[in-house]
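Worksheet: one structure, shown below.
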Amino acid sequence: MKLISWNVNGLRAVAAKDGFAWLEQQKPDFLGFQEIKVRESDVPAEIYKLGFNEISVNSAARAGYSGVMSLAKFSSATQKAAFFDDDEGRVLEHRFGNVVLFNIYFPNGQKDDARLAYKMDFYAKFLAYIQELVKQGKDVIFCGDVNTAHREIDLKNPKANAKTSGFLPIERAWLDEVVACGFIDTFRHVRGDAADAYSWWSYRFNARAKNVGWRIDYFFISSSLKDRLKDAFILSDITGSDHCPVGIEIDLEGLI
């Protein structure tokens with residue numbers, strides 16, 4: 001099964017650029033979008049022609065802000081955040097068989113101290129929630145824009161960004177805790193210390209052309225799924241957003 005995540009930074013803008021032509025080659029079974037910035041009633045019609053059986057939307061209460069969408073070729077029981085007041089449209093949780101799959105747009109902490117506190121509260125509550133799922137014997141996958149680069153290798157200029165939200169010690173420590181709790185960063189598990197592997201680039205200073213980026217989009221899996229992971233990848237050639245898609249291939253036979 002191929003699962004792909006992409007922060008589209010505006011669903012209508014990507015659709016207007018014919019930004020989904022690459023799906024015909026990749027043929028994902030699941031596609032998680034973040035930062036769709038659109039209400040369900042305003043989703044572009046072409047999204048419903050992409051060949052997915054199930055489409056779920058969680059829009060923010062505030063128009064033109066945040067929001068996530070999941071497209072799947074399988075059926076699942078779907079809900080919004082069960083661990084957080086989700087008026088910003090950040091979470092879709094999908095349950096199928098023994099698997100719990102999350103598509104999440106994690107908060108950005110750059111605005112001010114209050115937003116950083118909001119981000120860290122979200123982080124803490126989410127980790128507690130998925131730890132409980134693992135205790136219940138569930139196989140957990142979560143993907144999306146985590147809005148934090150974990151290690152120095154995960155961004156081009158770590159020293160210059162040491163005091164920038166997205167690479168603060170407190171944010172990176174949360175990712176340390178995620179790993180310590182048994183969740184696997186699939187890209188690093190498969191690709192090791194591959195350098196210059198990024199998923200987001202600023203629109204400024206020609207950053208993408210120079211590959212001055214950050215790896216802040218992830219797929220994590222619970223350790224119960226480690227032997228089922230077949231591949232993990234970054235589709236850096238896909239344009240249309242300041243992020244590019246990331247994905248995994250995983251064998252879920254017998255779990256669905």
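The values are calculated or read from the model by the stated rules, or taken from the named source; none is laboratory data. It should be emphasised that the depicted structure is a prediction, and the values quoted were computed from it without experimental measurement. We place every Cβ from the backbone using ideal geometry, glycine too, and count neighbours over all the protein chains shown. Note: accessible area is taken over every heavy atom of the protein model, side chains too, but ligands, DNA and RNA are not part of it. Shrake-Rupley method; radii C 1.70, N 1.55, O 1.52, S 1.80 Å.
Put +1 on the Cβ of every Lys and Arg and -1 on every Asp and Glu Cβ in the chain; which of 101, 129, 58 then has its Cα farthest towards the positive end of the dipole?
Value: 58.
Before rounding to the nearest 500, sum -39500 (n - 2.57) across all DSSP H runs of length at least 4 in the chain and divide by the residue total; then give [θ] at 222 nm in deg cm²/dmol.
Theoretical 222 nm ellipticity from helices: -6000 deg cm²/dmol.
Would you mind calculating the relative contact order of the chain from Cα pairs under 8 angstrom and at least 6 residues apart, reporting the percent as a whole number?
20
Can you find, among 233, 219, 195, the residue farthest towards the positive end of the dipole of segment 151-253? Put +1 on the C-beta of Lys and Arg, -1 on that of Asp and Glu.
Of the options given, the answer is 195.
Among bridges DSSP assigns within the chain, what percent are antiparallel (round to 5)?
75
Please state the charge dipole magnitude for the chain, taken about the Cα centre, from unit charges on C-beta atoms (+1 on K and R, -1 on D and E), reported in debye and rounded to the nearest 20.
440
Multiply the residue gap between residue 26 and residue 256 by 0.36 nm, knock off their C-alpha separation, and tell me the result in nm, one decimal place.
Roughly 80.6 nm would be gained on extension.
Starting from segment 157-256, pick out the trypsin sites (Lys or Arg not before Pro) whose DSSP state is loop and whose Cβ has at most 14 other Cβ atoms within 10 Å.
For trypsin sites (Lys or Arg not before Pro) across segment 157-256 that sit outside H, G, I, E and B with at most 14 neighbouring Cβ atoms in 10 Å, the list reads 159, 163, 204.
Taking a virtual spin label 7 Å from the Cα of residue 125 along the C-beta vector, which residues in segment 41-68 bring their backbone nitrogen under 15 Å of it?
Under cut-off, by backbone N: 61.
Given a 1.4 angstrom probe, what's the average accessible area per residue across segment 2-250, in square angstrom?
For segment 2-250, the per-residue accessible area is 43 Å².
For residue 7, enumerate residues with amide H under 5 Å from its amide H, sequence gap 5+ or separate chain, H modeled in the peptide plane.
Result for residue 7 returns 34.
If one computes the Cα centroid of segment 129-160 and of segment 1-74, what distance in Å separates the two points?
Result: 21 Å between the Cα centres.
Highest GNM mean-square fluctuation, the chain, Cα pairs closer than 10 Å: which of 211, 53, 108?
53
Which links in 138/226; 111/210; 125/226 stretch past 22 Å when you go from one Cα to the other?
111/210; 125/226
For a quick check of your reading of the filter: which GluC sites (Glu not before Pro) in segment 153-256 sit in a DSSP loop and have no more than 16 other Cβ atoms within 10 Å?
Sites meeting the loop and neighbour criteria: 253.
Enumerate the calculated ³J(HN,Hα) couplings along segment 30-36 in order (Karplus 6.51 cos²θ - 1.76 cosθ + 1.60, θ = phi - 60°), each rounded to whole Hz, writing x wherever the residue is Gly or Pro.
Working through the residues one at a time gives 9, 9, x, 9, 10, 6, 6 Hz.
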